[in-house]
Amino acid sequence: MRLRSPDLWSGLALAALGGYIVYTARGWEYLGQDGPGPGFFPLWYGIAMLALSLLLVFSQKEDQKVEWKGAGRAFATWGAFAVSVAVLQIVGFLISFAVLSFFIVAVMYRRPPGVAALVALGVAAGFYLIFPLALGVALP
Amino acid sequence: MEIFGGLLHGFALALQPVNLFWCFVGVFLGTIVGIMPGLGPPATIAMLLPLTFLMNPASAMIMLAGIYYGAKYGGSTTSILLNVPGESASVVTCLDGYQMARKGRAGAALGIAAIASFIAGTVGVLGLMLVAPPLARFALAFSSPEYFGLMALGLAMVVLLAGRSMVKALLAMLLGLWLAGIGTDLFSSESRFTFGRMELLSGIDFVVVAIGVFAIGEVLANMEEATPAAPLPIPKGLRNLLPTVQDLKDCRFAFAQGSVLGFLIGVLPGAGSTIASFISYGVEKAFSRRRDEFGTGVVEGVAAPEGANNSETGGALVPLLTLGIPGSGTTAILLAALVLWGFKPGPLFISDNPSLFWSLVASMYIGNVMLLVLNLPLVPLFAQVLRAPAYVLFPIILGISMVGVYSTSGSLFDVGLLAGFGLLGYLMRKLDYPSAPLILGLVLGGAMERALRQSLMMSEGSLSILVARPISAVMLSLALLILLIPLFSRVNAWRQKLLS
């Protein structure tokens with residue numbers, strides 16, 4: 001079993017989820033007087049998930065390799081996106097989105113701060129003009 | 001003759017300037033609604049419904065139906081250009097449409113989507129006109145076991161959506177089934193997998209998962225490159241932007257099967273255009289000589305789901321008008337509109353209201369032509385979106401995704417879920433899990449569980465009901481056959497190896 005194999009870890013994670021589904025579904029009625037209960041369907045797909053994920057864990061291919069180079073940049077972008085979502089309620093969509101755009105342009109793509117500020121203001125203004133003003137769609 | 005006379009009468013009404021105007025307003029609004037993620041036809045029709053009380057019912061119906069089928073045209077645009085599905089039925093279009101855009105064939109993909117939509121939309125109207133009453137009676141023969149068979153057939157398509165690993169595709173599908181199961185169980189009111197969160201009681205919206213996995217996942221995957229990728233190539237000149245004659249030849253079967261399958265699935269209440277597009281894509285791949293290339297930017301991979309998605313509209317109007325049964329959220333609102341205007345959709349609807357029915361049918365022919373004329377010249381304009389540098393395009397995609405999800409549910413919790421599903425989409429990509437089976441499981445999971453439980457209730461717990469009824473037996477056999485295809489090919493390869 002190769003400890004660095006991506007299939008091993010994703011398989012184990014899905015096996016844990018399958019185990020959780022089976023464990024939780026066992027707490028619900030399986031078959032009642034009126035027919036199948038809320039535990040019926042989850043129990044079966046939970047068992048299937050558990051079995052298939054264990055199959056994945058034990059049948060890893062030797063050539064399985066994941067290129068993680070560059071993943072740090074993706075995770076940083078996701079982190080910034082998650083933070084901008086988290087502060088939506090406090091600062092509102094336009095500020096949060098403009099800061100996220102500035103971060104992507106200036107930090108992730110190393111563009112000059114002036115360009116980043118222009119893009120950030122431009123896209124935020126564009127969203128305001130298109131969604132609430134033109135289409136009447138509320139922003140988050 | 002009766003049909004011909006009715007159609008002529010319908011054209012006479014639909015070609016009146018006022019009806020032409022409302023038809024244009026409907027298809028134009030529909031195209032915009034289809035392009036905007038999250039802003040779907042049900043919400044738009046519901047918002048416009050009060051305004052229609054001041055209008056002639058025929059004009060109002062023409063406009064509302066225009067929004068319905070116009071949205072199907074527009075839905076493909078963001079799927080192809082940005083990998084953001086404009087509406088749920090356009091998810092499958094992302095698979096090959098976006099890959100075509102990456103190869104510099106965005107224009108061809110948009111053009112094929114428009115042509116497939118036109119052909120299938122017209123077939124759908126023909127079907128509505130010619131076979132509405134008998135097909136509606138056939139659809140009535142569909143009970144829970146038959147629906148379970150249909151859903152099982154849909155889920156079997158996972159075989160055709162799988163990438164390199166069938167096990168991973170099945171796991172992704174099971175993850176989709178689990179996500180579909182989150183929320184309150186409608187039979188027992190038991191809350192399942194909600195982790196104590198009130199927001200999860202009503203389940204997870206399909207749009208949140210689809211946009212997160214496809215759009216945010218795509219942005220994150222692109223962010224790995226430190227140097228901004230060059231804007232996606234766009235050929236110069238309208239002729240080079242539109243599909244070639246070879247593209248059209250390659251799509252002949254896709255146009256035909258997408259149109260017919262979409263219409264037939266549309267007739268079944270509750271099946272919906274998303275299932276139609278998945279099944280049509282699966283069938284196209286199964287019968288294609290270049291099935292291994294699907295998912296890499298194959299033009300048939302755009303034509304088949306787009307055709308099915310549009311033809312489904314005509315099909316969905318069959319049970320609505322002839323039985324008074326709405327098969328989807330949009331048709332439910334259209335039904336409400338008809339009732340509010342004083343009509344009674346049902347077996348006598350067409351004979352009692354020939355003018356309304358035939359003007360609607362004729363307006364759908366006209367609307368499809370309008371949509372083609374509206375969409376094809378816009379292809380070069382839409383394709384220009386790809387000229388935007390990555391550092392401008394990616395924040396815009398993130399913003400559209402947030403607004404799209406929020407406009408669907410009005411919940412900031414869903415926007416938070418969007419971020420979570422974005423990370424899931426990225427990790428699935430990195431770990432080589434196909435994302436289409438996840439969406440397939442999510443779309444079909446709820447309906448499949450409901451059909452299975454209702455079937456078992458009918459049979460007092462006996463599974464034999466699923467194979468005792470001919471339609472469900474045929475569908476389940478087909479599903480099993482499709483699931484066994486990879487096994488057959490493996491055995492065949494093994495035999496070949498032994499022989500050589």
Seminar exercise, completed: Scanning segment B:442-467 residue by residue, those at the interface with another protein chain (Cβ under 7 Å from one of its Cβ atoms) and in a helix (DSSP H, G or I) turn out to be B:GLU449, B:LEU452, B:ARG453, B:LEU456, B:MET457
Exercise. Where in segment A:33-138 are there helices (runs of 4 or more DSSP H), lying fully within it, with 2 or more residues that are more than 25 Å from the chain's Cα centre (by Cα) and under 24 Å from B:SER401 (Cα atoms)?
Worked result: A:113-128
Exercise. Going by the conditions given, is B:GLY367 within 23 Å of B:TYR69 (Cα to Cα), assigned to a helix (DSSP H, G or I) and not aliphatic (A, V, I, L, M)?
Worked result: yes
Exercise. Residues of segment A:95-117 being more than 10 Å from every other protein chain (Cβ to nearest Cβ) and among the aliphatic types (A, V, I, L, M), which ones?
Worked result: A:ILE95, A:VAL99, A:VAL107, A:ALA117
For this session: State which residue is farthest from B:VAL209 (Cα to Cα) when the search covers only segment B:156-195 and only residues that are polar (S, T, N, Q) and within 10 Å of another protein chain (Cβ to nearest Cβ).
Result: B:SER188
Exercise. What are the residue pairs meeting all of these: first residue in segment B:426-441, first residue more than 9 Å from chain A (Cβ to nearest Cβ), second residue of a type in the set (Phe, Trp, Tyr), Cβ atoms under 7 Å, and 6 or more apart or on different chains?
Worked result: B:SER435/B:PHE214; B:LEU440/B:PHE278
Exercise. Which one of these is assigned to a loop (DSSP other than H, G, I, E, B), crowded, with 21+ Cβ neighbours inside 10 Å and modelled with pLDDT under 80: B:PRO319, B:PRO269, B:PRO347?
Worked result: B:PRO269
Exercise. Would you call B:ALA473 under 21 Å from the mean Cα position of the chain (by Cα), away from every other protein chain (no Cβ under 12 Å) and in contact (Cβ under 8 Å) with a residue 24 or more places away in the chain?
Worked result: no
Exercise. For segment B:398-425, how many residues meet the condition of being more than 24 Å from B:PRO41 (Cβ to Cβ) and either facing chain A (nearest Cβ under 7 Å) or touching a strand residue (DSSP E or B) at 6+ places or on another chain (Cβ under 7 Å) (or both)?
Worked result: 6
For this session: Consider B:VAL392 carefully, then state whether it is within 10 Å of chain A (Cβ to nearest Cβ), in contact with a Phe, Trp or Tyr (Cβ under 6 Å, 6 or more places away or on another chain) and in a helix (DSSP H, G or I).
Result: no
For this session: Exactly one condition in (1) modelled with pLDDT of 80 or more; (2) surrounded by fewer than 24 Cβ atoms within 10 Å (Cβ to Cβ); (3) part of a helix (DSSP H, G or I); (4) more than 14 Å from chain A (Cβ to nearest Cβ) is not met by B:GLY104; state its number.
Result: (3)
Exercise. Within segment B:184-194, is even one residue farther than 30 Å from B:ILE396 by Cα, of a type in the set (Gly, Ala, Ser) and assigned to a helix (DSSP H, G or I)?
Worked result: no
For this session: Would you be able to say whether some residue in segment B:110-117 is more than 19 Å from the chain's Cα centre (by Cα), of a type in the set (A, V, I, L, M) and surrounded by fewer than 24 Cβ atoms within 10 Å (Cβ to Cβ)?
Result: no
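I'm trying to understand the selection: among the residues of segment B:207-228, which are among the aliphatic types (A, V, I, L, M) and facing another protein chain (nearest Cβ under 8 Å)?
If the condition is that a residue be among the aliphatic types (A, V, I, L, M) and facing another protein chain (nearest Cβ under 8 Å), then B:ILE216, B:VAL219, B:LEU220, B:ALA221, B:MET223, B:ALA226 are the ones that fit.
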Exercise. Out of B:GLU146, B:GLU199, which single residue is at negative phi, in a helix (DSSP H, G or I) and surrounded by fewer than 21 Cβ atoms within 10 Å (Cβ to Cβ)?
Worked result: B:GLU199
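The values are calculated or read from the model by the stated rules, or taken from the named source; none is laboratory data. Since this is a predicted model, take the numbers as computed values, not measurements. We place every Cβ from the backbone using ideal geometry, glycine too, and count neighbours over all the protein chains shown.
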